[in-house]
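Engineer: My questions all concern the structure below.
Coordinate-derived values only; no laboratory data. Predicted model only: the values in this text are computed from it and were never measured. With ideal geometry, Cβ positions are generated from the backbone for all residues, glycine too; neighbour counts draw on all protein chains shown.
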Amino acid sequence: MAPSAVVWDPALLGYDLGGEHPFNPVRLDLTIRLATALGVLDDVPLLVPEPATEAELYRAHAAEYLEAVKQAPMAGWDVGHGLGTPDNPVFTDMHEAASLVVGSTLLGARCLAEGKAQRAVNIAGGLHHAMRDHASGFCVYNDVSVAISWLLDHGFDRIAYIDTDVHHGDGVQAAFYGDPRVLTVSLHQHPFTLFPGTGYSGETGAEGAEGSAVNVPLPPRTKDAGWLRAFHAVVPSLLAEFRPQLLVSQCGVDSHDEDPLADLALTVDGHRTLYRTLRELADTHADGKWLAVGGGGYQLLRVVPRSWTHLIATVLDRDVPPETPLPPAWTEHVRGLAPHAELPLSMGDGGDTGFSPWGDGLDDAVDVAIRDTRRAVFPLHGLDPDDPRD
Ligand SMILES: [Zn+2]
């Protein structure tokens, strides 16, 4: 089997929204340091990305938006397009930094298309809120939409996108809402309670692509067991029916209980279980091809580095047991940055990742979400929404 590709370059830390903005690139740096300290990256060549070209960005973005992004750092006036807001402040070299993020996900996509790797991971990617003509939710350019568009022109006709960030993957859904070649699935905190306010189960794709968008809006406080129950009630059946040639996953970890921006209640153990499930689903339903990117995640010290180290390890088949102690060198480094932070001791939270499958008679708020989603999309795929075997 072709090796797995890990995309990383410290230049990706340049996507820095500055000040006290929650989207702090230190989370990427601490992840790579942790993965390195644990030996997960031993003998793994890190693939260094180039910035995406303008022609590549046009796959997902309007020319006038690109111009606005380029001009924004010099412009002394309101540039519009969602830029210069508290969520998306203008920063120096914004166009260059955002283009590099897109280039990094494209590099992973290229490795898969050229057969150089079966799996690729880019923790700097996953800017799923960026829209065709405006920035949104900390995201300037949508690396995922550009990469999927590129893959569609390079040998792939059926791509499944699974978004497990706590926020709805609205930008990617919008980019392919009318394209039956791309199945977008997003599990997220209910839009009634969280940005961006979309991702209802009734959003199922435009005319000609009915059923190609799937949304599972979960109630606040949903824990590992409920989350995994919902995932398994919806995703495997759809993948079996859709038969993707490649799985793309956005692996935002702001679904964690300690995340300051949202209210789901997963653990690092839940994240780790999810990654192993995604790997298995890629192997079973997508010819082993899996492109994994990062996304949200704002508990910078305690959660993101551990969860995304598990992601990288899972992609590399170097799974790290949750009870593995945190390496002292890493902990010391973090203490240097945040002397008073209370740091975890191991690679897990002691979370219970067992769950009962849907259809066993339970009927809580998660089951209501599952039923709504299945009833909205399963018939469009020839599946029976009320039959737990489907
Ligand atoms: Zn998010």
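Engineer: Find the relative contact order for the chain and round it to a whole percent, using C-alpha pairs within less than 8 Å whose residues are 6+ positions apart.
Structural biologist: Relative contact order comes out at 18 percent.
Engineer: Test of understanding: ordering Asp42, Asp367 by Cβ neighbours within 10 Å, fewest first, what list do you get?
Structural biologist: Lowest count first: Asp42, Asp367.
Engineer: In addition: What is the fewest-to-most order of Phe156, Phe231 by other Cβ atoms lying within 10 Å of their Cβ?
Structural biologist: Ordered from fewest to most neighbouring Cβ atoms within 10 Å, Phe156, Phe231 come out as Phe156, Phe231.
Engineer: May I pose another question? Could you list Cys139, Cys111 so that the one with the fewest beta carbons within 10 Å of its beta carbon is first and the one with the most is last? Before the final figure, lay out the partial values.
Structural biologist: Working: Cys139 27, Cys111 22.
Starting with the residue having the fewest Cβ neighbours, the order is Cys111, Cys139.
Engineer: List the equivalent ellipsoid semi-axes of the range 4-381 in whole Å, largest first, each obtained as the square root of 5λ for an eigenvalue λ of the Cα gyration tensor.
Structural biologist: Working from the Cα gyration tensor, I get semi-axes of 27, 26, 21 Å.
Engineer: Return the lysines within reach of Lys289: Cα separation strictly under 25 angstrom, same-chain partners fewer than 8 residues apart disregarded; answer none if there are no such residues.
Structural biologist: Lys116
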